[in-house]
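Read the structure below first, then the notes.
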Ligand SMILES: OC[C@H]1O[C@H](O[C@H]2O[C@H](CO)[C@@H](O)[C@H](O)[C@H]2O)[C@H](O)[C@@H](O)[C@@H]1O
Ligand SMILES: [Ca+2]
């Protein structure tokens, strides 16, 4: 057996005195210096292990489970593995000041850093003997604003001493700067979460190129943290929801479709196995009405999703287990509609096809049992959907699981397209979402009352005049209105549109306020065009060009769907295209006029492939300059958004905020029309912003960014704030669609751009520094 631990070598006691600089805090390996001992070793003789050889065995960038797993635990190594090689050790003559606990040092001389450390040529390691104490010391010294993160806003010394592995922690070196210190904080926090008290830490791990570090974390850690897979033991945890705070929301609850008795049994079994978790299991009725959904507002619950049967190979026992899926992150701890598509793109990029596939399975289940792809699988989302992407998602997964050469993949594709056709017809091409005059579709979900998942004060400005009118508190007003005890048609209209806004995924924006349900948006109609084209393709290729719809008995062929797509394209051009501005605008079906709100979703026409070459050119020439900001595409122009005031608060899907879905769809659309260089330029901007806040703000990756801010773009004080910013010590999830955008954006970057990103080179200086031939790569 190979031995992984260096041989224990006897050393002289370290000398008194400081090996470092003035006033630099040492990151203690204990208030008392505790050299590593052999397990079972008697006190008295101090031993020193030479540790640097472990590099040959441990990848500094391995996953946390490995890096902080038992094999690297200094306390366990003697039991597990030892290195079978020895090497001459440094011998230290001084006793470290660490034994005096943390204190300020007086610089005695400078050439005191661990020489072997300095000469170790990149294979440098730290040894931290007391992770808890080191964390406390690091935070006490560097987290001056006490938010458990080390950021550029902290005003600490920005340098701390860390013991070297070669010296068994007796000698130390300086770790400097926000980025390294915050990475140190992150690593210590992770080590602690693995129950580790002592660690070896490669310098390379906390000094890693930030582009590499972030993409590594997304691929190996963030997706894992965001992935859920229901089983008998975790359902109570998965069902928990931080969004609703009513007494009836205290216990976790799962709602099961009326015709899924196996699932009902499964959840009952789960609740009986651990009664202390108080999991409540309820059947849903066959007919799910808006009235019924409203009646669940105070007793919200998770909605059951697709499960597969597992057979235990040794016992033959059968059990259900959920298909895996990813949640967006932050407070959004359930399966979402369009987030799932956007995450699937990144998951596939990270070779996590099973999760992407699982989400398609869930969508098929949702269409079958809830008659739509849900906004998300919580009871309060039962009436509304989100932007539809199922056909593209299914095709992407299909290709990854073997495509036309795999009969199972073909079956999967057919099931997904049957569901998508049902969704297309029954959700998007039926009343109330279909506008029969134009033949275009609107976001227009059913529902009653105030959406319960929103932040409590979100509607205060709207509700206040009514509270005054009825001389009641806002809370009372909400109750009276939700229970239908007061009738206010204007509020009804407001909430009809508000629900539509939420169905659009763009909650909220002044583009949609008070009007959304009547708008045939360029977003939705581009997506439906893509559905029609994809359905035409799949019917031709995989259904023998004849599709019999079991639900309505119709038989259609590819040509039929091509015609539908052409028709929609004609209508979009007629009602939405504005050549003067270069935008596709939404069409107001009530007022029968085109709107003029300039939105980044105009690029969805390119993503779907419905714009002409000429329209794409005009879009690039005219619309793009209105939307291109420091950090990429902004959601809408400042002009369209209009002035902001106390009575007209800022909305998160408006200027100055930028969102990953807008970037991703625009990059793809532009590339498809030959504007790959424009996509590259936009991607550089977006990645720069993400990388910079990752570096400056303790590894933070958030839901959305202020694309006009150079310094702290993650700071978004709109509506429910920014998701992903609120963590202690280490961010473990990122945010789903931003994770994807980072991985996809990097595909546009050459080595030069990657290096510039790693150096956080701002877009303009970077673009200006390029040679003319290089500028072309960015359409400059
Ligand atoms: O709770 C308020 C709203 O939150 C969701 O919207 C936002 O997060 C979603 C998940 O990332 C995302 O799909 C959506 O585009 C965001 O605006 C939710 O979807 C809304 O229905 C909800 O009211
Ligand atoms: Ca801080």
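Bear in mind these aren't lab numbers, they're just calculated from the coordinates by the rules spelled out. This structure is a prediction, so every number in the text was calculated from the model and none was measured. Because the Cβ atoms are built from the backbone with ideal geometry, glycine has one as well, and the counts that use them run over all protein chains shown.
How many percent of all Cα-Cα pairs in region 459-518 sit more than 20 Å apart? In whole percent, the share of Cα-Cα pairs in region 459-518 beyond 20 Å is 30.
Could you give the angle, 0 to 90 degrees to the nearest 10, between helix 736-746's Cα long axis and the longest principal axis of the Cα atoms of the chain? For helix 736-746, the angle is close to 80 degrees. Distance from the Cα centroid of region 219-252 to that of region 400-428 is 28 Å (rounded to whole angstrom). Histogrammed with a bin width of 10 Å, the alpha carbon distances of the chain distribute as 2, 12, 20, 22, 19, 13, 7, 3, 1, 0 percent, first bin at zero. Taking other C-beta atoms within 10 angstrom as a stand-in for reagent exposure, 510, 673, 381 fall in the order 510, 673, 381, fewest first. Helix 353-370 versus the longest principal axis of the chain: what angle, 0 to 90°, nearest 10, using Cα atoms? The angle comes out at about 30 degrees.
Between the alpha-carbon centres of region 265-301 and region 320-334 there is a gap of 18 Å. The alpha carbon centroids of region 631-649 and region 559-619 are separated by 23 Å.
Approximating the spin labels as points 7 Å out from Cα along Cα→Cβ, the residue 59-to-residue 462 distance works out to 5.0 nm. The calculated FRET efficiency for the pair residue 399 and residue 146, based on their C-beta separation and a Förster distance of 45 Å, comes to about 0.35. Counting beta carbons within 10 Å around each of 628, 265, 187 and listing the fewest first gives the order 265, 628, 187.
I need the calculated FRET efficiency for the pair residue 354 and residue 711, taking r as the beta carbon distance and R₀ as 41 Å, to the nearest 0.05.
Working: r = 40 Å, r/R0 = 0.97.
About 0.55, to the nearest 0.05.
Here the spin labels are modelled as points 7 Å beyond Cα on the Cα-Cβ line, and at residue 132 and residue 573 they lie 7.1 nm apart.
Pairs of Cα atoms under 8 Å, at least six residues apart: use those to get the relative contact order of the chain, whole percent. Don't skip to the answer; put the middle values down first.
Working: 1495 pairs, mean separation 83.7, N = 780.
Contact order relative to length: 11 percent.
Once both labels are positioned 7 Å from their Cα atoms along Cα-to-Cβ, the gap between residue 310 and residue 752 label points is 5.1 nm. The calculated 222 nm mean residue ellipticity attributable to helices in the chain amounts to -11000 deg cm²/dmol, summing -39500 (n - 2.57) over DSSP H runs of n ≥ 4 and dividing by all residues.
Using 0.36 nm per residue, how much length does the chain from residue 469 to residue 237 gain when fully extended, once their Cα-Cα distance is taken away? Show your work: numbers first, answer last.
Working: separation 232, 0.36 × 232 = 83.52 nm, distance 4.29 nm.
Contour length minus the Cα-Cα distance gives 79.2 nm.
Which residues does a label at residue 216 reach in region 700-734, if reach means a backbone N under 18 Å from a point 7 Å past the Cα toward the Cβ? Counting only backbone N, you get 700-701, 730-734.
Contour minus end-to-end for residue 204 and residue 493, with contour as 0.36 nm per residue of separation and end-to-end as the Cα-Cα distance?
On the way: separation 289, 0.36 × 289 = 104.04 nm, distance 5.77 nm.
Taking residue 204 through residue 493 to full extension adds about 98.3 nm, to one decimal.
A Förster radius of 22 Å, combined with the Cβ-Cβ distance separating residue 770 from residue 676, puts the computed FRET efficiency at roughly 0.85. Taking the 0 to 90 degree range and rounding to the nearest ten, how far is the long axis of helix 660-672 tilted relative to the main principal axis of the chain, both from C-alpha atoms? Result, in degrees: 70.
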